[in-house]
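Asks: Next up is a structure, given as structure tokens.
Just so it is clear, none of the values below were taken in a lab; they were calculated from the coordinates. These numbers come from a predicted model, not from an experiment. Here Cβ is always computed from backbone atoms with ideal geometry, including for glycine, and neighbour counts include all displayed protein chains.
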Amino acid sequence: MISIRSFKNLKNINNRDEYVKIAQLNYANTFLEMIGINEEIVSILPTEIINLDLDNKFTDIRGLTKSGKIIIIEGHTQILREHDFHRYYGYYKDTYCDFSKDIIFIIACLSEGNNLKRLATEENICFKPTVIELKKIDGSKYLSKLRAKFKNNIELNHKDCGILVHLPLFKLPISEDDYVREICAYIKKYDCIPEDEKNTIITAMYLNIEHYIVSEFEQEKLLEAINMLKYFENELDRKLRLAREDEAKIVTKKVTDEVTGEVTKEVTENIACNLLRDNQDVAYVHKISGLPVSRINELKANL
């Protein structure tokens, strides 16, 4: 499972190649099944390629398969060009020199129109990559399976979670943004995702929201729906959050019991202001105080 110290770091990941890498680190075998590759990765190998040039080459994914082969998966966003082919050939050759094993090299293209077909042979090395355009692979049956599990409140297994993460990369009967909205609604309504899978699932959905949803207001609402903050805060932030939540509950209960039977606007806004002074996210303050986001933004501007 990937570990991210703060969800704010994810804002630096804008390239969909990186999204593919995050997905495959956790669900590589599900991805291989979805693209029709009959191999199973049993261990992930270091992605850094060490050679005599010491030129800091990194593959997206390198793994050792059950059949004893090395498999390399490269996510590729743009149209595949000649220079890309030569770069991938370098990855292939250096990996062969390191491991001296049969190598399966997969270029997973998020673009269409990749007609580049090349074969490179050097001594006993033959490089002929498998180029797969993900948007040509129909993901409808996988989407139907996910919908059925969510709507029947059935817990997703590891493979299901891998499908959920990868599906927006494939051809779907709905747009990518509608897929993101639908999955966020499911996450909010149903408790179908195992706790040990949520770190990766919420990461992926965050990146999808940032990529596919244009409106910042809608982005904020969807991030609230998937409870983003809970899964991407460091341990100190988590302890502070829990302490503030407990404090907020105590203040709220005291006002309710001893004064009017309701939480006053003044006390609620005081809680919100205290949280904002501690640099808490607006979405989190909204969750704790119940104040409208617009009012929280006004309070934040006046601090």
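Asks: Extension gain residue 155-residue 110, at 0.36 nm per residue separation less the Cα-Cα distance, in nm?
Replies: Between residue 155 and residue 110, full extension yields an extra 13.3 nm.
Asks: Name the long-range amide H neighbours of residue 105: under 5 Å, sequence gap of 5 or more, or other chain; modelled H, no Pro or chain starts.
Replies: HN-HN under 5 Å from residue 105: 72, 130.
Asks: If you don't mind, another one. I want the local charge near residue 181. Using Cβ-Cβ distances under 12 Å, sum +1 for each Lys or Arg and -1 for each Asp or Glu among the other residues.
Replies: Net charge around residue 181: -3.
Asks: For the pair residue 141/residue 190, report the inter-label distance in nm, with labels modelled 7 Å from Cα in the Cβ direction.
Replies: Going by the 7 Å Cα→Cβ label model, 2.0 nm.
Asks: For the pairs 57/101; 66/136; 141/188, note any where the Cα-Cα span goes beyond 25 Å.
Replies: Check vs 25 Å cut-off fails for 66/136.
Asks: With a point put 7 Å past each Cα toward its Cβ, work out how far residue 98 is from residue 17 in nm, to one decimal.
Replies: 1.7
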